[in-house]
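Data first, discussion second: the structure below is written as C-alpha cells.
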Amino acid sequence: MSLIELQDITKFYEMGDQTVRALDGISIRIEKNDYVAFIGSSGSGKSTMLNILGCLDRPTSGRYHLNEQNVENLTANELAAIRNHEIGFIFQSFNLLPRATALYNVMQPLIYRNVGWSKRKAMAMEALRRVNLGERVNHLPNQLSGGQRQRVAIARALVTNPSILLADEPTGNLDSRTTAEIMQLFDDLHREGHTLILVTHEDEIARHCKRIVEMKDGRVHRDFVTERQDMDAANPVAAHTQVSSAQVSN
C-alpha cells in the first residue's frame, strides 16, 4: 500500500450563502521515498492540501490513508499523535521558540513523546549534526542566519524520525545562495530514504523535485514526473551534479 492515499477528498467552506470548494475530489497516491512538489496559484487548493496531508484539518468527505491507517475521522488527540509520530513540519517562517537555543528547539517535539532528558538531548544533538549545525547548538534563533534557522527547523522535523517531511514554502524567506544550500540538504535527505512533500510557488524549487502536482480550482490539474526523475534514473551522479549546479547559478 502507498504511504499516502487520498480517495475523492473534498474540503468545502461555507462563506455566507456561497460554498467554496477548496478541494474538489482529489485522488492521489504518494509512495515512500517520493519527492513531490505541490504548486498552483493563490486559491488553487495547495494550502488546503497541505493542511489535509499534515492532519491539521479534516476533509469534508473522502478517505485519507497514511501509512496504512485511516485518519480522516480521528479525534483531535489522535490527530495530534499522528502529527507527532508520522509527520515532520518545516515552515517558511521557521516557527522557532525565540528564547530557546537551537538545541532546546529541536528537543521540543520529543517532550510530547515522554522521552527522557538525556536521550532527548542526544537525539537533538544528532539531528543538529545531520544538518551541519553541531557547533551552533547553544545559539538563540536571533543569533543565527536565515539559513541556519531553517536548518534548525529541519533538524526539529527530523528528530522524531517521521514518515514524511512536509515543507511549506521552505525557501520563501531565503536568498538564492541559502536556497541552494537548503535544497541540497533536501536532496541529501531524499537520498537517505526520506519522503519529502513541498508546497511552493517557485518553479525552480518545484523542478528540483522528482514529481510535480499542479493544483487548479481545488483539483489536480497535472501530475507529472520531472526531468530530474528521468535524469536520476539514467545517471544518478550526473543528475545530482547538474541540478545542484543549476541551483547555485540561480
Residues of segment 62-79 classified as surrounded by 14 or more Cβ atoms within 10 Å (Cβ to Cβ) and small (Gly, Ala, Ser), total = 1
Could you list, in sequence order, the residues of segment 29-46 that are in contact with an Asp or Glu (Cβ under 7 Å, 6 or more places away or on another chain) and either outside any loop (DSSP other than H, G, I, E, B) or more than 14 Å from Lys216 (Cα to Cα) (or both)?
-> Arg29, Ile39
Considering Ser41, Ser27, which residue is surrounded by fewer than 17 Cβ atoms within 10 Å (Cβ to Cβ), small (Gly, Ala, Ser) and modelled with pLDDT of 95 or more?
-> Ser27
Do the conditions hold for Arg129, that is, is it basic (Lys, Arg) and not in a helix (DSSP H, G or I)?
-> no
Which one is farthest from the chain's Cα centre (by Cα) among residues in segment 166-190 that are polar (S, T, N, Q) and crowded, with 19+ Cβ neighbours inside 10 Å?
-> Thr179
If you go through segment 114-126 one residue at a time, do you hit one that is modelled with pLDDT of 95 or more, over 21 Å from Leu53 (Cα atoms) and among the polar types (S, T, N, Q)?
-> yes
In segment 79-87, is there at least one residue being outside any helix (DSSP H, G or I), in contact (Cβ under 8 Å) with a residue 12 or more places away in the chain and of a type outside the set (A, V, I, L, M)?
-> no
Quick one: in segment 80-121, of everything that is over 20 Å from Phe186 (Cβ atoms) and charged (D, E, K, R), which residue is surrounded by the most Cβ atoms within 10 Å (Cβ to Cβ)?
-> Arg120
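The values are calculated or read from the model by the stated rules, or taken from the named source; none is laboratory data. Given the structure is predicted, the values throughout are model-derived calculations rather than measurements. Glycine gets a Cβ as well: all are built from the backbone with ideal geometry, and neighbour counts include every protein chain shown.
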